[in-house]
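The values are calculated or read from the model by the stated rules, or taken from the named source; none is laboratory data. Predicted model, so just to flag it, every value in this text is computed and none were measured. Don't worry about glycine lacking a Cβ; one is built from the backbone with ideal geometry, like all the others, and counts go over all protein chains shown.
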Amino acid sequence: MVLSSTAHSGDARERLLARLLDAFDEDLPTPETSLREIAVRVETSHALLRYHFGSLTGVLVAMLRAQRARDNEGLFRAAEQGTFDDLVLASWRMYSSPERLSRIRGFFHVVGLAAYGPEDYREFVDSLDDLTGMLASLAEREGLDASEALTRATVTVAAMRGLLLQEVLTPGACSEEAVALILRMGR
């Protein structure tokens with residue numbers, strides 16, 4: 001069977017993305033890191049990174065999307081048996097853990113760039129609703145109508161992201177008590 005060059009390119013991009021994820025684990029390269037430095041870390045060339053991802057921002061977006069997809073798979077499995085509150089607390093604990101601080105900083109960096117050019121970051125922007133969708137499904141399962149469930153999920157995710165931003169700016173400032181308050185306010 002002969003594969004097209006597009007298939008090879010996609011496979012090569014996915015292999016390179018897997019190497020990036022292995023090299024950085026839960027972290028992301030900082031915005032000050034050059035493609036050359038990243039290339040050295042993953043034992044490839046900066047030209048190959050540029051070819052597959054376009055820029056440092058492209059690398060960050062691809063890594064964030066892959067990391068968040070992996071996170072969402074785990075959260076989805078937990079949500080199947082849990083409640084709305086369980087998923088909110090699990091999400092908060094995962095994303096507010098100190099070992100994820102680098103990734104959360106990278107997330108807000110990319111969100112800031114996307115705010116200036118949402119169309120340039122369409123896939124990333126569209127992926128931001130994954131957690132909201134999971135939470136809305138749980139809220140419906142718990143008896144809310146679809147519109148109310150979506151509103152509750154949207155406000156909860158927005159509040160958690162606000163707390164995460166505060167955590168990035170002032171580490172240790174937020175706690176599960178703040179998340180518990182968000183949950184109480186949603187009732």
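Things worth noting here:
- Some residue of segment 102-115 being of a type in the set (Ser, Thr, Tyr) and at pLDDT 90 or above: no
- Taken over segment 118-142, the residue count meeting the criterion of being without any contact (Cβ under 8 Å) to a residue 24 or more places away in the chain and either surrounded by 18 or more Cβ atoms within 10 Å (Cβ to Cβ) or within 16 Å of Leu183 (Cα to Cα) (or both) is 2.
- Residues (in contact (Cβ under 8 Å) with a residue 12 or more places away in the chain and of a type in the set (Ser, Thr, Tyr)) located in segment 35-89: Thr44, Ser55, Thr57, Thr83
- Here the condition is being under 22 Å from Met63 (Cβ atoms) and in a helix (DSSP H, G or I); of Leu150, Leu164, Leu138, it holds for Leu164 alone.
- Verdict on Val179 being in contact with a Ser or Thr (Cβ under 8 Å, 6 or more places away or on another chain) and surrounded by 17 or more Cβ atoms within 10 Å (Cβ to Cβ): no
- Among the residues of this structure, Ala158 counts as one that is loosely packed, with under 13 Cβ neighbours inside 10 Å, part of a helix (DSSP H, G or I) and of a type in the set (A, V, I, L, M).
- Given (1) out of contact with any Cys (no Cβ under 8 Å at 6 or more places or on another chain); (2) more than 21 Å from Ala79 (Cβ to Cβ), number of the condition Arg187 does not satisfy: (2)
- Inter-residue pairs, beta-carbon under 9 Å, first over 17 Å from Val155 (Cα atoms) and in contact (Cβ under 8 Å) with a residue 40 or more places away in the chain and in segment 171-187, second of a type in the set (Asp, Glu) and surrounded by 13 or more Cβ atoms within 10 Å (Cβ to Cβ), 6+ apart: Cys174/Glu167
- Candidate set from segment 50-87 (those that are surrounded by fewer than 19 Cβ atoms within 10 Å (Cβ to Cβ) and polar (S, T, N, Q)); member that is farthest from Val157 (Cα to Cα): Ser55
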